[in-house]
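Coordinate-derived values only; no laboratory data. Every value quoted in this text rests on a predicted model; they were computed, and no experiment measured them. Neighbour counts run over all protein chains shown; Cβ positions are idealised from the backbone, glycine included.
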């Protein structure tokens with residue numbers, strides 16, 4: 001299904017920029033929160049999943065569960081909603097989205113692809129961040145279920161951030 005992707009969400013509050021990531025059921029764009037004047041990441045469900053009740057429930061559950069968490073090693077969720085978009089056939093679809101902390105950096109997957117294996121010291125630092133995030137989320141009753149290098153961000157300052165709790 002082809003849709004006319006919006007350039008903004010929530011009545012113009014979030015101005016969408018370039019595509020920065022793509023996953024199994026969503027795309028992530030860098031965006032500007034015009035109300036607060038900050039850069040954010042917006043995860044928008046792919047249109048082909050927007051009518052699937054199982055995927056919608058997973059997406060909403062991610063928004064609800066992660067928004068409750070506050071940990072330096074977990075990407076923060078700031079907002080969520082649904083945006084009405086028009087398909088090329090003129091039908092209106094509702095695309096759920098999450099507004100998240102924008103982490104300027106790279107995924108661990110991309111770092112490994114370019115640099116190869118991490119040194120023991122760097123591997124220990126990454127694992128300490130991941131384990132801190134998982135220990136916290138488990139205490140909150142939330143299980144990640146998909147820890148992999150593509151779901152681990154390393155900020156430009158070296159902070160480990162776990163994302164994608166869907």
Within the chain, helix-based [θ] at 222 nm, where runs of 4 or more DSSP H residues each add -39,500 (n - 2.57), nearest 500 | -8500 deg cm²/dmol
How much FRET efficiency would the formula 1/(1 + (r/R0)^6) give for residue 89 and residue 52, where r is the Cβ-Cβ distance and R0 is 25 Å, rounded to 0.05?
-> 0.85
Nearest 10 degrees, 0 to 90: what angle lies between the long axis of helix 53-67 and the longest principal axis of the chain (Cα atoms)?
-> 50
Once both label points are put 7 Å beyond Cα along the C-beta direction, the residue 35-residue 123 separation in nm becomes 4.5
Candidates (i) -0.25, -0.39, -0.47, -0.65; (ii) -0.37, -0.58, -0.70, -0.95; (iii) -0.54, -0.59, -0.65, -0.81; which is the computed log10 I(q)/I(0) by the Debye sum over Cα atoms at q = 0.08, 0.10, 0.11, 0.13 Å⁻¹?
-> (i)
